[in-house]
Number of protein chains: 2
Amino acid sequence: MDSATCLAIARQAGVDCYGLSFDYGQKHGAELDAARAIAGSVGISEHRILHLGLGELGGSALTDRRIEVPETPTEGIPTTYVPARNTVFLALALGWAEIIEADEIYLGVNAIDYSGYPDCRPDYIAAFQKMADLATSRAVQGNPVLIKTPLIDLTKAEIIQWGTELGVDYALTVSCYQADEHGRACGVCDACRLRCKGFKEAGLVDPTRYWGRTDK
Amino acid sequence: MDSATCLAIARQAGVDCYGLSFDYGQKHGAELDAARAIAGSVGISEHRILHLGLGELGGSALTDRRIEVPETPTEGIPTTYVPARNTVFLALALGWAEIIEADEIYLGVNAIDYSGYPDCRPDYIAAFQKMADLATSRAVQGNPVLIKTPLIDLTKAEIIQWGTELGVDYALTVSCYQADEHGRACGVCDACRLRCKGFKEAGLVDPTRYWGRTDK
């Protein structure tokens with residue numbers, strides 16, 4: 001949902017877009033199928049799915065089958081936190097941006113209606129930017145890649161409203177941490193709860209298909 | 001050479017060591033064979049080789065077969081620069097450190113006798129540390145992972161001298177950008193030149209096996 005909205009925002013700004021998704025060992029492939037469908041539906045210049053051994057390292061309910069996705073709200077940083085995930089994703093995006101000469105990286109993090117992940121907060125993003133300003137060949141030449149996070153200060157409802165205005169088809173998007181092979185959501189994980197609440201607060205119909213709860 | 005020396009320094013300091021190597025699409029596998037041999041010879045707790053689609057992105061003489069490794073000194077940042085490579089490696093090491101509860105990441109970068117890569121410089125490492133201090137769950141809890149770069153201010157000769165004192169078997173190490181399948185070096189790439197110069201300046205016998213030049 002956040003990535004699809006970011007893509008729509010970038011396209012609205014007239015940006016020539018290249019999409020980067022990660023097959024990092026997440027338990028389900030539904031979000032990658034969704035990424036392909038979204039990229040295909042809007043027609044971006046290129047969509048890459050990068051294979052990444054992050055899941056082999058374990059340590060998260062999103063990649064380790066021995067750790068269950070929590071279905072009730074938890075205190076603190078949840079087990080769905082993937083250690084250093086956004087740092088790894090941004091690092092690879094930074095490398096690809098330098099190769100294809102892209103000037104900006106759009107990232108759909110947000111720090112309001114979110115799961116408490118440390119690598120979604122504005123001060124983390126600012127620190128990554130400072131590091132990126134020193135990390136690459138083009139940065140040394142005075143032309144760093146810019147990290148854009150247009151959703152970072154928005155609630156889920158505001159994100160959905162903005163995306164809806166831009167024509168995002170949220171029926172194509174998958175947020176659920178344990179979606180089934182048809183992209184249907186559980187309705188009870190943290191990601192489902194935030195998404196569901198967002199549609200309610202935005203006063204918009206939630207097009208999510210669920211396999212789990214029937215009382216949505 | 002630098003990684004093997006770092007490992008010896010960490011072991012000398014009494015650190016329980018876990019090794020992380022990357023199969024990122026580099027043209028030759030000799031450096032991974034060398035990493036396995038070194039890890040095996042000193043007996044570390046675990047050695048992981050992580051698969052990574054970085055090379056699929058192209059853009060470097062180390063990963064793209066259409067770009068030749070330069071065999072004479074070049075001005076500025078050379079074509080062997082891999083966009084954002086140390087950022088990607090450090091990001092994955094940061095994730096693994098959090099998973100295995102390692103307190104430090106040792107990285108063998110150096111900024112004296114080096115190839116001019118931006119992501120080997122002290123200010124880059126300091127910026128990565130600041131970002132890492134905000135990126136992870138354990139950092140938020142006041143216990144960030146520390147990046148250690150004991151070689152960063154040393155010449156190659158100083159590195160070799162220190163490593164030799166610590167018993168590093170440099171015959172096991174591979175620095176060459178275009179080593180053959182037996183781990184033999186070309187003798188003419190940037191990495192070979194720096195290594196060769198280091199042994200000469202240290203006044204030590206260079207145990208490197210070469211397939212290329214015979215006038216070493």
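The values are calculated or read from the model by the stated rules, or taken from the named source; none is laboratory data. Given the structure is predicted, the values throughout are model-derived calculations rather than measurements. Virtual Cβ from ideal backbone geometry, glycine too; neighbours counted across all protein chains shown.
May I ask you to list the residues in region B:164-211 that are among the small types (Gly, Ala, Ser), farther than 16 Å from B:GLY108 by Cβ and surrounded by 18 or more Cβ atoms within 10 Å (Cβ to Cβ)?
Within region B:164-211, the first condition is being among the small types (Gly, Ala, Ser), and the residues that meet it are B:167, B:171, B:175, B:179, B:183, B:185, B:187, B:191, B:198, B:202-203.
Next cut, farther than 16 Å from B:GLY108 by Cβ only: B:167, B:171, B:179, B:183, B:185, B:187, B:202-203.
Passing the criteria: B:ALA179, B:GLY183, B:ALA185, B:GLY187, B:ALA202.
Going by what's in this entry, would A:SER115 be described as touching a Pro at 6+ places or on another chain (Cβ under 9 Å), farther than 21 Å from A:ALA93 by Cα and of a type in the set (S, T, N, Q)? Give the derivation first.
Working: touching a Pro at 6+ places or on another chain (Cβ under 9 Å): yes; farther than 21 Å from A:ALA93 by Cα: yes; of a type in the set (S, T, N, Q): yes.
It is true that A:SER115 is touching a Pro at 6+ places or on another chain (Cβ under 9 Å), farther than 21 Å from A:ALA93 by Cα and of a type in the set (S, T, N, Q).
The residues of region A:84-117 that are closer than 19 Å to B:GLY58 by Cα, among the hydrophobic types (A, V, I, L, M, F, W, C) and over 12 Å from the mean Cα position of the chain (by Cα), listed by number, are A:VAL88, A:ALA91, A:LEU92, A:ALA93, A:LEU94, A:TRP96, A:ALA97, A:ILE99, A:ILE100, A:ALA102, A:ILE105. The number of residues in region B:128-142 that are surrounded by fewer than 22 Cβ atoms within 10 Å (Cβ to Cβ), in a helix (DSSP H, G or I) and either out of contact with any helix residue (DSSP H, G or I) (no Cβ under 7 Å at 6 or more places or on another chain) or without any contact (Cβ under 8 Å) to a residue 12 or more places away in the chain (or both) comes to 6. The set of residues from region B:81-104 being surrounded by fewer than 22 Cβ atoms within 10 Å (Cβ to Cβ) and more than 8 Å from chain A (Cβ to nearest Cβ) comprises B:ILE100, B:GLU101, B:ALA102, B:ASP103, B:GLU104.
A residue that is among the polar types (S, T, N, Q), under 18 Å from B:LEU107 (Cβ atoms) and surrounded by fewer than 21 Cβ atoms within 10 Å (Cβ to Cβ) occurs nowhere in region B:66-76.
Within region B:22-75, being more than 16 Å from B:ALA191 (Cα to Cα), assigned to a helix (DSSP H, G or I) and either in contact with a Leu (Cβ under 7 Å, 6 or more places away or on another chain) or modelled with pLDDT under 85 (or both) holds for B:ALA37, B:ILE38, B:SER41, B:VAL42, B:GLY53, B:LEU54, B:GLY55, B:GLU56, B:LEU57.
Would you check if B:GLU75 is within 14 Å of another protein chain (Cβ to nearest Cβ), closer than 25 Å to A:PHE89 by Cβ and not hydrophobic (A, V, I, L, M, F, W, C)? It is false that B:GLU75 is within 14 Å of another protein chain (Cβ to nearest Cβ), closer than 25 Å to A:PHE89 by Cβ and not hydrophobic (A, V, I, L, M, F, W, C).
Please verify whether A:SER60 is surrounded by 17 or more Cβ atoms within 10 Å (Cβ to Cβ), over 15 Å from the mean Cα position of the chain (by Cα) and closer than 24 Å to B:ILE99 by Cα, treating the condition exactly as stated. It is true that A:SER60 is surrounded by 17 or more Cβ atoms within 10 Å (Cβ to Cβ), over 15 Å from the mean Cα position of the chain (by Cα) and closer than 24 Å to B:ILE99 by Cα. Only one of the numbered conditions (1) within 24 Å of B:LEU134 (Cβ to Cβ); (2) in a loop (DSSP other than H, G, I, E, B); (3) touching a helix residue (DSSP H, G or I) at 6+ places or on another chain (Cβ under 8 Å); (4) in contact (Cβ under 8 Å) with a residue 24 or more places away in the chain is not met by A:SER175, and that is (1). For region A:42-55, filtered to residues that are surrounded by 15 or more Cβ atoms within 10 Å (Cβ to Cβ) and of a type outside the set (A, V, I, L, M, F, W, C), the residue that is farthest from the other protein chains (Cβ to nearest Cβ) is A:HIS47. Are any of the residues in region B:105-125 at the interface with chain A (Cβ under 7 Å from one of its Cβ atoms), farther than 30 Å from A:ARG138 by Cα and surrounded by fewer than 21 Cβ atoms within 10 Å (Cβ to Cβ)? No: zero hits.
The single condition among (1) buried (at least 19 other Cβ atoms within 10 Å of the Cβ); (2) farther than 16 Å from A:LEU107 by Cα; (3) touching a helix residue (DSSP H, G or I) at 6+ places or on another chain (Cβ under 8 Å) that A:LEU151 does not meet is (2). Residues in region B:146-159: is at least one in contact with a Ser or Thr (Cβ under 7 Å, 6 or more places away or on another chain), within 20 Å of A:LEU134 (Cβ to Cβ) and not in a helix (DSSP H, G or I)? For region B:146-159, residues in contact with a Ser or Thr (Cβ under 7 Å, 6 or more places away or on another chain), within 20 Å of A:LEU134 (Cβ to Cβ) and not in a helix (DSSP H, G or I): present.
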